[in-house]
1. Relative contact order for the chain using alpha-carbon pairs under 8 Å, separation at least 6, rounded to a whole percent?
2. Pop out the ³J(HN,Hα) list for the stretch 290-295 in order, Karplus 6.51 cos²θ - 1.76 cosθ + 1.60 with θ = phi - 60°, rounded to Hz; leave Gly and Pro as x.
3. Looking only at L110, L33, L135, which one moves most when the chain is put into a Gaussian network model with springs between Cα atoms under 10 Å?
4. Below 24 Å, Cα to Cα, which lysines can K339 reach? Residues fewer than 8 away in the same chain don't count.
5. For R81 and M1, what does the FRET efficiency come to when R0 = 35 Å and r is the distance between their Cβ atoms, rounded to the nearest 0.05?
6. Where in the stretch 224-253 does the label zone of E198 land, with the point 7 angstrom along Cα→C-beta and an amide N cut-off under 15 Å?
7. Given all pairs of different Cα atoms, what value in angstroms does the Kirkwood hydrodynamic radius of the stretch 305-350 take?
8. Classify the stretch 144-283 from the C-alpha gyration tensor, please: rounded if a/c falls under 1.5, else prolate or oblate depending on whether a/b exceeds b/c.
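Please treat every number below as a calculation from the coordinates, not as lab data. Remember, predicted model here, so these are calculated numbers, not experimental data. FYI the Cβ positions are ideal-geometry reconstructions off the backbone, even for glycines, and counts take in every protein chain you see.
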Amino acid sequence: MKPIILVVGARPNFMKIAPLHAELARRGVNQILLHTGQHYDENMSKVFFEDLRMPEPDIYLGVGSGTHAEQTARVMVEFERICLEHRPSMVVVVGDVNSTIACTLVAAKLWIPSAHVEAGLRSFDRRMPEEINRLLTDSICDILLTPSSDGDENLLREGVSAEKIHLVGNIMIDSLLLNLERAESSDIRERLGVLQGEYGVLTLHRPSNVDDEIAFGRVLSALEAIGAHLPVVFPVHPRTRKQAQEFELEARLEAIPNIILCEPIGYLDFVRLMSGAKLVLTDSGGLQEETTALGIPCLTLRENTERPITVTEGTNIIVGNDTDTIVEAAFKALESGGKTGSVPELWDGRTAGRIADVLLAHVHRDG
Ligand code: UD1
């Protein structure tokens, strides 16, 4: 069998590919793990391979940072060369980052079948680069693997034929459940000096929050109010650090009462940190899902979400970017213990097996 290429590029991809790579390895499938190098810092990339027990990538493209066009184009040029050389039987992409659309586009034009893990999610906000990546990827991928039924509904509404769509569940929860016990040995709370159930965690990197000085300032004002009541751990994303420097907001950030600033944190440490938090504030997609799976209250600092099931069934509340709304929701969560919820169907730790079944049926059918 010709190889299946599994593509990773940026931090949120690693926990989605690790369980699938392990499952395909267990089944003896010929596979190539390819890292585009969109994220390259040790703490944004390498530590995740170690924490997730994923082998080093077989191929590293090293594309690095750039504008959207530069980054996407560089991945395409490099990935086309790899596809021509290896002639894979299938290309598997995950999520919604620039590497996702770049590799899917290359595969489609070379007539290589492709599969998208985490298909069908829509924020309906085309100002988000990720929304453009989701729409384009799904429109040219052959196999669409959805994490929840809202994904199926979105795809059907867009005219995708039902036989391309497979509801398989949320693969990121495979990684979470698999590593929850191992994460208990992390001493991250001791290192940061926080006590179980007595701190908040904040992550922030969306362009809508950090590329706009006024929006960034509104979040800082909210933190100033929340910090007076709750220590908040804030692992700072490279984009966010750069923007804080650009807007000269660093001193203000550091002066926030009870804020604990640190570098981006590895997977096991972060799972440990998140699972003991009283409250999570975030603009990430993945954290909305992980907090729902763990039953931790989450406030999402965005106007919308492509993961509505975390709101309808889970612990997530969309609070946007207005200072008063964020503070009010945080205080309410601190007083009441926060929103409770249930874990969505098929977020059961067995998604990788279901995905492998679909992929292999397709590869064998096509010979
Ligand atoms: C990317 C994804 C986003 C995902 C996020 C998670 C796209 C369009 N965006 O956003 O969906 O939620 O990753 O982290 O693909 N940088 C470093 N070191 C790194 C990586 C980036 O310093 O290892 C810097 C770069 O200089 C760059 C900035 O951070 O200017 C942003 O990186 P980039 O990959 O462009 O997008 P993210 O904001 O990380």
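1. Working: 708 pairs, mean separation 58.4, N = 367.
Across the chain, relative contact order equals 16 percent.
2. 5, 5, 4, 5, 8, x
3. L110
4. K278
5. Working: r = 22 Å, r/R0 = 0.62.
According to the calculation, E is roughly 0.95.
6. Taking a point 7 Å out along Cα→Cβ of E198, the residues of the stretch 224-253 whose backbone N falls under 15 Å are 229-233.
7. Numbers: mean 1/r = 0.0836 Å⁻¹.
Kirkwood hydrodynamic radius for the stretch 305-350: 12.0 Å.
8. Values: a/c = 2.67, a/b = 1.45, b/c = 1.84.
Oblate.
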